[in-house]
Amino acid sequence: MIVAKINKEYALRMAGVALLMLGICLWSIYDGLVAWPRINQEFERVRPALLGTNLTAKAWLARTGEEGLSELELRFSEYNLKPPSRVVKGINEAKMPSSVPEGAVMQAREQEQQALKKIFEGDVYGQHDLQGQFVMAAITALAALAVFFSFIGKISRRYIADERGLTGSGFGEGMINYADIESIDWKQWDKKGIIRLTLKDGNCHKLDGWHFAGITPVVDEIVRQRPELAQVVDSKGCEPEAGQG
């Protein structure tokens, strides 16, 4: 008797994907509930020191002094904090272009100051950002569950071949006699290790050699019992029934 069951390597990959999705989910929840609100609170402490100046974006980020700290870093260091990377990026983006027509310099400076004021008056992470983390958590949680239930559905699946016929949960209930096989679709066998059996009653069964270890011996047994079906391409392109994939 030949038995094919879930491939351990494939199972480990599924477990790895599920753990990755779960990790992203938990990280997103942590950012949305703890990390990002804490950054907003820290920024609130420094805000008065940022708004009480008229420095340019370039002046905020230029490193000066013996410690080599920028003005922005100095303001945050007074509170034993570091500037959030998002704030630094925003200030960089607010910089006045290096080449501005002479008549537009005042307007460009005003626009720069307005952009800086918007950065300093707002939260580092707004409500939209926080909600986005919860959406990400929901999506990755659903993905982790999908992988988990797919794994549960496959871990107990068996494909069994012996002298009498084909049995096991992968073939559905009862036994499939070799004489009941109408054709075999070999199109994906060489590249992916997948064949599809079409039965005389119209039902189809997919045998996947990557997901299930031992499929090749099962296929060999089918061909041994029905040699006329060896490497015959099924022009019908049979698709598996729901639940068979």
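Under the combined filter of DSSP loop state and at most 15 neighbouring Cβ atoms within 10 Å, segment 1-109 retains these GluC sites (Glu not before Pro): GLU66, GLU67, GLU78.
Label zone (VAL100, point 7 Å along Cα-to-C-beta; backbone nitrogen cut-off 19 Å) within segment 106-148: 106-120. Note on LYS200: aspartates and glutamates with a C-alpha under 15 Å away, same-chain residues under 8 apart excluded, are ASP180, GLU182, ASP185, ASP234, GLU239, GLU241. Relative contact order of segment 157-229: 24 percent, from C-alpha pairs under 8 Å at least 6 residues apart in sequence. Rounded to the nearest 10 degrees, the angle from helix 127-155 to the longest Cα principal axis of the chain is 20 degrees. The trypsin sites (Lys or Arg not before Pro) of segment 69-150 that DSSP puts in a loop, and whose beta carbon has at most 16 other beta carbons within 10 Å, are LYS95.
Each other residue within a Cβ distance under 14 Å of GLY126 adds +1 if Lys or Arg and -1 if Asp or Glu, for a net charge of -3.
Considering only alpha-carbon pairs that sit under 8 angstrom and 6 or more positions apart, the relative contact order computed for the chain is 26 percent. A straight Cα-to-Cα reach below 24 Å connects LYS206 with the lysines LYS5, LYS8, LYS154, LYS187, LYS191, LYS192, LYS236, residues fewer than 8 places away in its own chain not being considered.
Pairs of Lys residues in segment 9-141, spaced 8 or more positions apart or belonging to different chains, with C-alpha separations under 15 angstrom: 7 in total. Building the convex hull from the alpha-carbon atoms of the chain and averaging its projection over directions returns 22.0 nm².
Percent relative contact order of segment 52-172, based on C-alpha pairs within less than 8 angstrom and at least six residues apart? With pairs under 8 Å counted, the relative contact order is 17 percent. Treating only the Cα positions of segment 1-130 as identical point scatterers, give the base-10 log of I(q)/I(0) from the Debye formula at each q in 0.12 Å⁻¹. Log10 of I(q)/I(0), two decimals: -0.62. Relative to one another, the C-alpha centroids of segment 14-44 and segment 83-104 are positioned 30 Å apart. Multiplying the residue separation of GLU163 and ARG47 by 0.36 nm and subtracting their alpha-carbon distance yields 33.8 nm.
Values quoted throughout were computed directly from the atomic coordinates according to the rules given, and no laboratory measurement underlies them. In this text the structure is predicted, and so the values were computed from the model without any measurement. Quick reminder, even Gly has a Cβ in these numbers, built from the backbone with ideal geometry, and neighbours come from all protein chains shown.
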